[in-house]
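This report refers to the structure that appears directly beneath it.
The values are calculated or read from the model by the stated rules, or taken from the named source; none is laboratory data. This is a predicted model, so every value here is computed, not measured. Reconstructed Cβ throughout: ideal geometry from the backbone, glycine too, with neighbour counts over all protein chains shown.
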Amino acid sequence: MFLKFSIIPVLKGDKFLSPFCIMLLGIIFLSCEGKKNKIGAVYTGPLEIVNDVEVKYSEQGKIKVLMRTPKSLRFQNETKVFPDTINISFFDTLGTVVTRLRSDSGRYDQNADVYIVKGNVRVVKSETNELLTTSELNWSPRTRKVFTEKPLSVINKRTSEITNAIGMDAEQDFTRIKFRKATGVYKFTAPPPADTLYKLSTPP
């Protein structure tokens, strides 16, 4: 914002108001306007920043889920944003990690009680050596379910089977996966093991 000043003396009574005084008044006016705008602005940044975040979920005193991320930002609507890499470990009843998940970033929606992880999402099932990849996953601590509407791929490194699908619903430890719409081609080099990561369910 600029003010244009005319260097013309202004007569006040029997005295002239100098151009310098006029410029000074203009500067004071701009300063007051700037302060007014700053006071009226709404702050939309984070209310809290936490580093080296570790979140644990337990059942009957036994840890079931452990999430780690370098930073958490909490906003006014209680949404928490995780701008850096997220690592989540899922445990069995013996306290052993059975599934690992990583993503580029994510957030926690407190109203829905859902974690949303995004960007190069990779889920590794240790026991069966299977890998699930997608762009986005949702995890609900309340229902203990993982779900997505995005395209995904499951690779079974034991059988060389590749499954492509759009959308899925799974247990939080990925012991079972129900594909909403399978779109891939299945390749088998050996019979699938009994403890395979998923049980394919297709609509009738």
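Condition (residue is part of a strand (DSSP E or B), in the same structural domain as F147 (by TED's automatic domain parsing), of a type in the set (A, V, I, L, M, F, W, C) and under 14 Å from the mean Cα position of the chain (by Cα)) applied to the range 91-102: is it met by at least one residue?
yes
Determine whether the range 46-59 contains at least one residue that is basic (K, R), at pLDDT 55 or above and more than 30 Å from T175 (Cα to Cα).
Checked against the condition, which is being basic (K, R), at pLDDT 55 or above and more than 30 Å from T175 (Cα to Cα), the range 46-59 yields no hits at all.
In the range 132-167, what count of residues is obtained for those that are closer than 22 Å to F82 by Cβ and in contact with a strand residue (DSSP E or B) (Cβ under 6 Å, 6 or more places away or on another chain)? Spell out how you get there, then give the answer.
At the first step, the residues of the range 132-167 found to be closer than 22 Å to F82 by Cβ are 132-150, 152.
Filter again for in contact with a strand residue (DSSP E or B) (Cβ under 6 Å, 6 or more places away or on another chain), leaving 132-141, 146-150, 152.
The number of residues fulfilling the criteria is 16.
Hey, can you tell me all the residues within the range 91-127 that are free of Cβ contacts under 8 Å to residues at least 12 places away in the same chain and among the polar types (S, T, N, Q)?
T96
Can you work out which of the residues in the range 155-186 that are within 22 Å of the chain's Cα centre (by Cα) and touching a residue at least 24 places away in the same chain (Cβ under 8 Å) is nearest to F90 (Cα to Cα)? Reasoning before the result, please.
Filtering the range 155-186 down to residues within 22 Å of the chain's Cα centre (by Cα) leaves 166-174.
Still in the running and touching a residue at least 24 places away in the same chain (Cβ under 8 Å): 169-174.
On the way: D169: 16, A170: 13, E171: 11, Q172: 7, D173: 6, F174: 9 Å.
Among those residues, the one meeting the criterion is D173.
Here is a yes/no grid of residues against (1) surrounded by fewer than 17 Cβ atoms within 10 Å (Cβ to Cβ); (2) assigned to a loop (DSSP other than H, G, I, E, B):
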residue: M67; (1), (2): no, no
residue: L73; (1), (2): yes, no
residue: E78; (1), (2): yes, yes
residue: E136; (1), (2): yes, no
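Out of Y57, Y115, which single residue is in a strand (DSSP E or B), under 26 Å from P151 (Cα atoms) and among the aromatic types (F, W, Y)?
Values: Y57 fails: under 26 Å from P151 (Cα atoms).
Answer to the selection: Y115.
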